[in-house]
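Everything on this sheet refers to the single structure shown next.
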Amino acid sequence: MPDAKPTIDELKAIERLGGDRLFAFFIVAVSVCLLALIFDQTQWKNGKALLSQPVFWPGLSLVGMVICAAVYLVQSLRARHYSGWERRESCVWLRCLEFPFWFMAYVFAVPVVGYLPATMVFCPLLARRMGYADRATLLWATAMGAIIVILFKSFLQVRVPGGALYEYLPGAFRNFMILYL
């Protein structure tokens, strides 16, 4: 019966193993990259015993990581047929990569517009992105951004460079914004 439909138990097993291949590929790639960089991070010292070498134990750990990850990948590839479930779960995993881009946009916006305006814009934008669309929640997100800036700059005295737009403000107000907001 080559055209037999999968049983309920087989479908449940496929759902449990949803993003298995993507995870296995990721772990193999990361472990191989780390192993390739081992001599950039540690060194081999002449005259020392093998077990005393700074590179030995991290290198041994990474070799084990590569071997285990490769075995896991092979098992993942042989375990079952590809399913649409895996593609959907992989897309969910990849969607989280959006947030480092939000963070980088924020990091680049702060020196241009300043810590206070950037935070008060990005907090409601991220709240909106997370699905909070009502006006009250977005106002609370904006207020939370202002509170965070006031806490960090005024009370904790975290030094964040002032934004380039602050240079266009009048003298005393400009100094206040750079020092406290």
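The values are calculated or read from the model by the stated rules, or taken from the named source; none is laboratory data. Since the structure is predicted, the reported quantities are computational estimates derived from the model, not experimental observations. Virtual Cβ from ideal backbone geometry, glycine too; neighbours counted across all protein chains shown. Just so you know, the surface numbers come from the protein's heavy atoms only, side chains and all, with ligands and any DNA or RNA stripped out. Shrake-Rupley method; radii C 1.70, N 1.55, O 1.52, S 1.80 Å.
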Q: For the stretch 49-57, just list the computed ³J(HN,Hα) in residue order, Karplus coefficients 6.51, -1.76 and 1.60, θ = phi - 60°, integers in Hz, with x standing in for Gly and Pro.
A: 5, 4, 6, 9, 5, x, 8, 5, 5
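Would you work out what percent of the accessible area of the chain, with all protein chains in place, is carbon or sulfur (probe 1.4 Å)?
Values: 9300 of 13050 Å².
Result for the chain: 71 percent of the exposed heavy-atom area is carbon or sulfur.
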(Q) For Cys91, what accessible surface area do you get with a 1.4 Å probe? Give it in Å², rounded to 10. (A) 70 Å²
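For the chain, would you read off the P(r) tail past 28 Å as a percentage of all alpha carbon pairs? Walk me through the intermediate numbers first.
Working: 9498 of 16290 pairs.
Value for the chain (Cα pairs over 28 Å): 58 percent.
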Q.
In whole Hz and in residue order, list the ³J(HN,Hα) couplings for the stretch 101-112 that follow from phi through the Karplus curve 6.51 cos²θ - 1.76 cosθ + 1.60, θ = phi - 60°; x for Gly and Pro.
A. 5, 4, 4, 5, 4, 4, 4, 6, 6, 4, x, 8
Q: Quick one: dipole size for the stretch 40-155, taken about the Cα centre, charges +1 on Lys/Arg Cβ and -1 on Asp/Glu Cβ, in debye to the nearest 20.
A: 140 debye
Q: Report, in cubic angstrom per residue, the convex hull volume of the C-alpha atoms of the stretch 80-181.
A: 127 Å³
Q. In a GNM of the chain with a 10 Å cut-off on Cα contacts, which of Pro54, Pro100, Pro117 has the highest mean-square fluctuation?
A. Pro54
Q: Evaluate the relative contact order of the stretch 20-157 (contact order divided by residue number), counting alpha-carbon pairs under 8 angstrom at least 6 apart; express in whole percent.
A: 19 percent
Q | Using θ = phi - 60° and Karplus 6.51 cos²θ - 1.76 cosθ + 1.60, couplings along the stretch 168-173 (whole Hz; Gly, Pro as x) | A | 8, 7, x, x, 5, 5
Q. With every protein chain in place, what's the accessible area of Leu156 (1.4 Å probe, Å², nearest 10)?
A. 110 Å²
Q | Simple label model, 7 Å out from Cα along Cβ direction - Trp140 to Val71, nm | A | 5.0 nm
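Ranking request for peptides 106-116, 168-178: highest mean number of other beta-carbon atoms within 10 Å first, then the rest in descending order.
Result, highest mean Cβ count within 10 Å first: 106-116, 168-178.
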**Q.** Dipole axis of the chain (+1 Lys, Arg; -1 Asp, Glu on Cβ), positive-most option in Leu139, Pro111, Phe173
**A.** Phe173
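Quick check for you: with a 1.4 Å probe and neighbouring chains kept, what is the accessible area per residue of the chain, in Å²?
Numbers: 13050 Å² over 181 residues.
Using a 1.4 Å probe on heavy atoms only, each residue of the chain averages 72 Å².
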